[in-house]
Amino acid sequence: MTESASTTRPVVVAHDLHKTFKDFWRRPKVHALKGVDLEVQPGEIFGLLGPNGAGKSTLIKLLLGLLRPSSGDIRIFDQSPSDVRSKERIGYLPEETTLYRYLTARETLSFYARLFDLDAAARRERVDQLIEMIGLARAETRVVGEYSKGMGRRIGLAQALLNDPELLILDEPTSGLDPAGRRQIKDLIQALARRGRTVVLSSHLLADVEDICDRIAILFSGRVYALGRTRDLLEAEHRTRITFPEVTEEAMRTVLAAIQTASGVEPDVDRPTVPLEHFFLDVIESAQQSERDPTGATSGGELAPFLDRGSDHDPDP
Amino acid sequence: MHRLPVRQLIALSGIACLEVIRQPITLLLMVTCTVLTILNPMLVIYPFGEVGKLPRDSALAFQLGFGLLVAAYGACTTLSREVESGTASAVLSKPVSRENFFFSKFLGMVAVIVIYSLCSILATQLNQMISHELRDHALLALLPLTPVAGLLAAAVINYTTRRPFVTVAFASVLVCLALTTGALAYGMHGGFQWRIVPANVLITFALIVLAAIAITLSTRLRTAPTIMICSAVLVLGLVSDFLFGRFTDENWWGTIPYMLLPNWQHFWVTDGLTGGGSVPWTYVLNAGGYAVLYAAGVLAIGTLCFRWTDVQ
Ligand SMILES: Nc1ncnc2c1ncn2[C@@H]1O[C@H](COP(=O)(O)OP(=O)(O)OP(=O)(O)O)[C@@H](O)[C@H]1O
Ligand SMILES: [Mg+2]
């Protein structure tokens with residue numbers, strides 16, 4: 001497949017998608033999706049938002065062919081989701097981390113790697129790099145059943161990246177993670193998107209979505225209520241914010257008076273706060289340097305080298 | 001090109017087998033079966049007729065009875081546990097076909113049943129040695145402790161190497177039984193009674209057929225109804241000669257259930273062993289063919305069902 005062909009076509013197309021869950025006697029139980037239309041373009045980070053039970057996970061499972069649509073159609077890379085070949089280019093992180101409890105981290109990843117068409121050397125290399133990347137090198141010999149939720153989540157993420165997927169589907173990727181892990185995942189998602197990978201994610205954490213998603217869809221009760229570029233949707237109309245360093249009261253008064261005379265309106269004044277995320281990360285970073293033998297996950301390394309391919313261009317500003 | 005599905009099948013079957021073995025209930029059933037098998041000749045106080053016949057029949061009955069529980073419970077849960085816990089959706093979002101995933105569950109169960117049956121075969125041999133030689137060698141009364149020794153060994157290995165107890169125990173019980181049987185077969189004049197093995201093998205076939213039925217049912221039903229239907233199939237299959245077989249000549253309606261139900265009588269040949277007789281291997285092969293065809297038919301239906309199932 002040529003580069004240009006894959007960049008012009010949408011990666012995911014869903015058209016008038018309906019899903020009704022039925023009970024054993026085939027009677028309809030829940031109408032979880034009611035006519036969803038959406039497209040995801042290559043290289044973009046697409047966010048699915050919505051309250052609990054809105055149908056985000058259902059939509060994701062339909063994309064993966066785990067559920068069958070009741071009507072409507074879905075194409076992924078121009079293939080049906082039930083086509084096994086489409087899975088070679090997809091990575092999926094389930095909503096709840098689901099692992100074989102008695103395998104260690106390394107065994108888990110090796111097991112999943114064996115489901116792909118990779119030779120033994122490539123498998124070992126990728127597993128090594130991913131364990132390093134998710135920061136579980138210290139805990140790799142413990143069975144994953146003993147892992148904390150966030151540690152399990154990291155394994156889940158590593159498992160989704162084994163095949164260096166072109167499309168990454170993440171169901172609530174940041175749930176259960178500590179703020180450092182959350183920042184790290186967000187950085188990772190952005191790094192992958194800059195290298196041309198497509199990401200579809202669902203989340204409740206609006207701040208995370210706002211940070212990284214190029215486009216979002218807001219679902220409610222199985223319907224899409226808003227769809228568009230994050231920036232366009234969030235821009236507050238008719239407001240401007242000016243930020244500048246600490247100044248004397250005197251100078252402040254002059255500036256405010258100038259604005260008032262120039263525009264005829266009285267501006268609001270407040271002090272910006274550092275986001276808690278930044279503050280927390282600073283504290284943890286200094287703590288990490290003093291702790292010799294941390295029990296949980298450490299902050300992990302850089303993007304695994306095998307994922308670091310493609311040009312690292314900046315997303316459009 | 002064809003190597004990937006095969007590699008997937010091996011990896012998935014291995015995991016399926018381990019997941020069943022790691023359920024403590026499987027180990028419990030296996031140990032109970034072997035201990036009872038080895039113990040029961042000492043409980044037969046007034047043997048009449050052929051020496052060792054009653055204990056031998058009981059040993060085979062234990063293999064069948066406990067094996068049915070192992071097969072039914074393991075097979076009912078192997079698929080539904082993975083679907084419920086979500087590991088199935090993680091695996092099926094990889095380039096693994098539904099057919100491959102489904103079949104690997106069956107192969108995993110076959111592996112469990114084979115290991116279980118190996119233990120049972122060895123225990124049956126110990127059972128026969130006790131029946132014939134306990135009078136001369138009182139120490140044989142200690143043999144029922146062999147599986148227990150396996151458990152102790154597993155505890156030691158678990159303590160020293162931190163490997164999971166249940167999995168190690170499966171292996172160590174098997175090894176203990178094998179060593180004991182080997183040593184005694186070498187020393188006793190009866191030796192290893194190969195003529196009994198075909199009877200054990202036939203029962204293994206029956207267990208495999210039951211596992212195929214249980215896995216197929218579990219694609220559509222929950223665990224409780226699956227186990228109930230399996231029990232019904234089991235009972236009806238045992239009495240199918242009596243219930244339906246005698247009508248097949250006169251009535252067409254007797255023929256259908258008779259053809260559809262697995263006929264367990266084919267796998268139960270204790271009478272053939274009476275008076276030093278043996279079961280010809282050609283019979284075993286024929287019964288094996290019946291088992292393979294039956295299981296293949298059932299699994300084909302299961303594959304179709306699983307293809308259209310929603311995986312949560
Ligand atoms: N297997 C199922 N059987 C019946 N109903 C289901 C099933 N799975 C999901 N549903 C229903 O479908 C609707 C959408 O569920 P879904 O899991 O997609 O929501 P979600 O947006 O992912 O919610 P959350 O934010 O809590 O993860 C819910 O009303 C849910 O109860
Ligand atoms: Mg969800």
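The values are calculated or read from the model by the stated rules, or taken from the named source; none is laboratory data. The model shown is predicted, which means the values in this text are computed figures rather than measured ones. Glycine also receives a Cβ, built like all others from the backbone with ideal geometry; neighbour counts cover every protein chain displayed. For accessibility, only protein heavy atoms count, side chains too; no ligands or nucleic acids. Shrake-Rupley method; radii C 1.70, N 1.55, O 1.52, S 1.80 Å.
Output the number of the condition that A:VAL30 fails; it satisfies all remaining conditions of (1) within 10 Å of chain B (Cβ to nearest Cβ); (2) surrounded by fewer than 20 Cβ atoms within 10 Å (Cβ to Cβ); (3) within 16 Å of ligand 2 (Cβ to nearest atom).
That leaves (1) as the condition not met.
Kindly indicate which of A:GLU95, A:GLU132 is modelled with pLDDT under 95, away from ligand 2 (no atom under 16 Å from the Cβ), out of contact with any Cys (no Cβ under 9 Å at 6 or more places or on another chain) and over 23 Å from B:GLU99 (Cα atoms). Please lay out each step first, then the result.
Values: A:GLU95 fails: away from ligand 2 (no atom under 16 Å from the Cβ).
Every option except A:GLU132 fails the conditions.
Identify, from the list A:LEU63, A:LEU59, A:LEU67, the residue that is under 19 Å from A:GLY222 (Cα atoms), within 16 Å of ligand 2 (Cβ to nearest atom) and either hydroxyl-bearing (Ser, Thr, Tyr) or more than 10 Å from chain B (Cβ to nearest Cβ) (or both).
Working: A:LEU63 fails: either hydroxyl-bearing (Ser, Thr, Tyr) or more than 10 Å from chain B (Cβ to nearest Cβ) (or both); A:LEU67 fails: either hydroxyl-bearing (Ser, Thr, Tyr) or more than 10 Å from chain B (Cβ to nearest Cβ) (or both).
Matching residue, one of A:LEU63, A:LEU59, A:LEU67: A:LEU59.
What is the residue count in region A:198-222 for residues that are open to solvent by 10 Å² or more (accessible area, probe 1.4 Å) and within 12 Å of ligand 1 (Cβ to nearest atom)?
5
Can you pull out every residue in region B:277-295 that is in contact (Cβ under 8 Å) with a residue 12 or more places away in the chain, assigned to a helix (DSSP H, G or I) and open to solvent by 50 Å² or more (accessible area, probe 1.4 Å)?
B:TRP281, B:TYR283, B:TYR290
Looking for something in a strand (DSSP E or B) and on the phi > 0 side of the Ramachandran plot - is there at least one such residue anywhere in region A:130-140? Spell out how you get there, then give the answer.
Residues of region A:130-140 in a strand (DSSP E or B): none.
There is no residue in region A:130-140 that is in a strand (DSSP E or B) and on the phi > 0 side of the Ramachandran plot.
Taking region A:99-121, which residues are without any contact (Cβ under 8 Å) to a residue 12 or more places away in the chain, open to solvent by 30 Å² or more (accessible area, probe 1.4 Å) and part of a helix (DSSP H, G or I)? Show your work before the answer.
From region A:99-121, those without any contact (Cβ under 8 Å) to a residue 12 or more places away in the chain are A:107, A:111, A:114-115, A:119-121; that's our starting set.
From what is left, the residues that are open to solvent by 30 Å² or more (accessible area, probe 1.4 Å) are A:107, A:114, A:119-121.
Of everything in region A:99-121, those that are without any contact (Cβ under 8 Å) to a residue 12 or more places away in the chain, open to solvent by 30 Å² or more (accessible area, probe 1.4 Å) and part of a helix (DSSP H, G or I) turn out to be A:GLU107, A:ALA120, A:ALA121.
I'd like to verify a number: residues in region B:164-177 that are surrounded by fewer than 16 Cβ atoms within 10 Å (Cβ to Cβ) and touching a residue at least 40 places away in the same chain (Cβ under 8 Å), how many? Outline the logic, then answer.
Taking region B:164-177 and keeping what is surrounded by fewer than 16 Cβ atoms within 10 Å (Cβ to Cβ), we get B:175.
Filter once more, keeping what is touching a residue at least 40 places away in the same chain (Cβ under 8 Å): none.
Matching residues across region B:164-177 total 0.
Go over the candidates A:ARG9, A:ARG75 one by one and state the one that is among the charged types (D, E, K, R) and out of contact with any strand residue (DSSP E or B) (no Cβ under 6 Å at 6 or more places or on another chain).
On the way: A:ARG75 fails: out of contact with any strand residue (DSSP E or B) (no Cβ under 6 Å at 6 or more places or on another chain).
The conditions single out A:ARG9.
Could you grab me the full set of residues in region A:148-171 that are part of a helix (DSSP H, G or I), surrounded by 22 or more Cβ atoms within 10 Å (Cβ to Cβ), within 16 Å of ligand 2 (Cβ to nearest atom) and more than 10 Å from chain B (Cβ to nearest Cβ)?
A:ARG153
Take the residues in region B:110-133 that are open to solvent by less than 10 Å² (accessible area, probe 1.4 Å) and of a type in the set (Val, Ile, Thr), then tell me which one is farthest from the other protein chains (Cβ to nearest Cβ).
B:ILE130
Just a yes or no: is a residue in region B:288-311 at pLDDT 90 or above, touching a Leu at 6+ places or on another chain (Cβ under 6 Å) and within 23 Å of B:ASN100 (Cβ to Cβ)?
Checked region B:288-311: no residue is at pLDDT 90 or above, touching a Leu at 6+ places or on another chain (Cβ under 6 Å) and within 23 Å of B:ASN100 (Cβ to Cβ).
Exactly one condition in (1) open to solvent by 10 Å² or more (accessible area, probe 1.4 Å); (2) at pLDDT 90 or above; (3) more than 23 Å from B:ASP310 (Cβ to Cβ) is false for B:ILE203; which is it?
It fails just one condition, (1).
Just to be sure I understand the filter: pairs with C-beta atoms under 6 Å, separated by 6 or more residues or on different chains, first member in region B:123-148 and farther than 23 Å from B:ASP57 by Cβ, second member of a type outside the set (Val, Ile, Thr) and open to solvent by 20 Å² or more (accessible area, probe 1.4 Å). Which pairs pass?
none
For B:THR161, only one of the following conditions fails: (1) open to solvent by 10 Å² or more (accessible area, probe 1.4 Å); (2) in contact (Cβ under 8 Å) with a residue 24 or more places away in the chain. What is its number?
Failing condition for B:THR161: (2).
Hey, can you tell me all the residues within region B:93-109 that are facing chain A (nearest Cβ under 10 Å), among the basic types (Lys, Arg) and more than 14 Å from B:ARG7 (Cβ to Cβ)?
Hit for region B:93-109 is B:ARG98, nothing else.
If you take the residues of region A:35-90 that are among the charged types (D, E, K, R) and assigned to a strand (DSSP E or B), which of them is surrounded by the most Cβ atoms within 10 Å (Cβ to Cβ)? Quick ask: steps written out before the conclusion?
Of the residues in region A:35-90, the ones among the charged types (D, E, K, R) are A:37, A:39, A:44, A:56, A:61, A:68, A:73, A:75, A:78, A:83, A:85, A:87-89.
Remaining after also requiring assigned to a strand (DSSP E or B): A:37, A:39, A:73, A:75.
On the way: A:ASP37: 13, A:GLU39: 16, A:ASP73: 12, A:ARG75: 19.
Checked region A:35-90; the qualifying residue surrounded by the most Cβ atoms within 10 Å (Cβ to Cβ) is A:ARG75.
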